[in-house]
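Structure first, then comments.
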Amino acid sequence: MLYLWLGIALLSVVAILFVIYPVWKQFKDKVDTVVTSDPQRDNVEVFKDRLQELEQEVASGSLSQEDFAVLKTELEKNLLIDANTESRSLSSESISTKQFMAASFIALVVVVASLGLYAKVGSAPALEVALNMSEDPFDGRQPTLQEAIDQLRKELELQPANPEGWYLLASTLMGQQDYQGALEAYQNTLAYLTPQDVQYATVMGQLAQSMFFVAGGMTPEVRDQVDKTLAAEPFEITALGILGIDAFERKAYRDAIGFWSTALINADGASAQSLQNGVERARNELIALGEDVSDIEMPAMAAIPVKVSVAAELLANVPAETPVFIVARPLEGGMPLAGVRLTAADLPVELVLSDANAMTPQARLSGYETVSVSARISLSGDVTPQPGDMIAEITDIPTKGLSQPLEIVVSEVVK
C-alpha cells in the first residue's frame, strides 16, 4: 500500500503543477519586468534631457521664452501621464497575485476532491488483498479446515461486499456447530442481498435456523425470523422444518406433520428423506398415544426400489470390475433422472432410485409420474451403449407407490 500512496502523492503534485505553473510563470514574467526596468525613472531622465535642450535653445536665441513655457508645460503633462500609466501597470500586477492565489486554491480543491472520490468508490482494500496475497497463501500444502476459515475471514474483512463468501463461511461454521459465528455470517450475507435475489428466502431460513440453535429452541425472535422467511417464500424448507421441530417438541404431532409435509413440496434428496422420516416419527407418536391416524395421508416420495441381476451365462464372461449403470430416464428419453454406477462384482443388488441419485438439480425423478428403468453392463466402460454391452430395460414404471422392488434381469446383448 506504500507504493499506492506514493503514486497518489506524485500524481497529485503533477496535477498541482499543471494548474499552477502557467499562472506562476506569467506572474514571474511580470515581476521580472517590473524589477529589471523602471519606466518612471526613464521618463524623468528623458524629461530632464529635453528640458535641458529647451533651455539651451532659449540661451542661443533660437527659442522664445513664450514657446519655452508652452513646451515645458507639455513635457510636464507627458511626465504625469507616464506616471499614471505606471500606476495602472502596478494595479494589474496586484490582480495577477490574486489570480495566482485562486489557482493555488483550485489545485488544492482538485486534489482533496480526488482523494474523497477515491475513498468513496475506490478499492484500496481489494488492492491491498491483491498486493499482499501470494498466489498460494498456504505454500502448496493442503490447508486445514480452520486455516481455510481464517483465510476466508481475512479476505471478507478486506472485501466485505461478497455475499457468496459470507454464505460459504456461514455454511461451513454451521457444519462446525459454531452457530453464533454462522448467525453473524448469515446476517452479513443478507446485508448484501435484496429480496429480489433468488437466494434471499433460503438465506433467511438458514438465518432462522442458526438463531434457533443459538437460542436452544423457539423464541419470539426466532419465530419473527421464521414468519419473515415464510412471507417471502411460503414453502421455504428450513423455516417449515423449524416449525415442525418446535411442534414435535411441544408434542403437537399433527402440527409437526403438517409443517413437514408442506416442506416436502420443494424438498428432494437427503432433505426430503429427513422430512419424511420426521413425518413417520410424528405419526408413530400419535399411534403410541392411541390416536386414530387414518386421516393422516403419508406423503408419497419419488422412489423406485429395484433388484438387478444378470443371466448366469452372461455374467461368467464378465470381469468383476466391469462398470454397471442403473438409471431411470423420461419415457421420451434424454438425460437420466437418477442413476447409480456399480461394478459387475456388486451383482445381484437391491437399491432405491430417488432424487438423491439425481444427475442434475433440474432433472429429478420427482418431476415425472412414470419413467423407464434400465440396467447396463458396459464392457466398453462408456456411459453410452456400445455393441457388446449387456442391457435390460423396463418402461412405464411409476415413480411413487411401488411396494415391491422392480426386478431387472440383464439378459440382452447390444448389437
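The values are calculated or read from the model by the stated rules, or taken from the named source; none is laboratory data. The model shown is predicted, which means the values in this text are computed figures rather than measured ones. Note: ideal-geometry Cβ built from the backbone for every residue, glycine included; neighbour counts use all protein chains shown. The area values use the complete protein model at the heavy-atom level, side chains included, leaving out ligands, DNA and RNA. Shrake-Rupley method; radii C 1.70, N 1.55, O 1.52, S 1.80 Å.
Rolling a 1.4 Å probe across the protein heavy atoms gives region 195-320 an accessible surface of 51 Å² per residue.
Overall dimensions of region 178-245, expressed as equivalent-ellipsoid semi-axes from the Cα gyration tensor (√(5λ), whole Å, largest first), are 17, 15, 9. Based on the Cβ-Cβ distance of Ala161 and Val112, what FRET efficiency does E = 1/(1 + (r/R0)^6) give at R0 = 22 Å, to the nearest 0.05? Taking R0 as 22 Å, the efficiency between Ala161 and Val112 is 0.30. The portion of the accessible surface of region 218-340 made up by carbon and sulfur, rounded to a whole percent, is 53 (1.4 Å probe; DNA, RNA and ligands excluded).
Computed from phi, the 3J(HN,Hα) profile of region 215-221 under the Karplus parametrisation 6.51, -1.76, 1.60 (θ = phi - 60°) reads 6, x, x, 6, 10, x, 5 Hz, with x in place of Gly and Pro. Remark: region 232-362 carries a charge dipole of roughly 200 debye about the Cα centre, counting +1 on each Lys and Arg Cβ and -1 on each Asp and Glu Cβ.
Between the residues Asn277, Ile265, Ser309, the greatest Cα displacement towards the positive end of the dipole of region 236-315, with unit charges on the Cβ of Lys, Arg, Asp and Glu, is found for Ser309.
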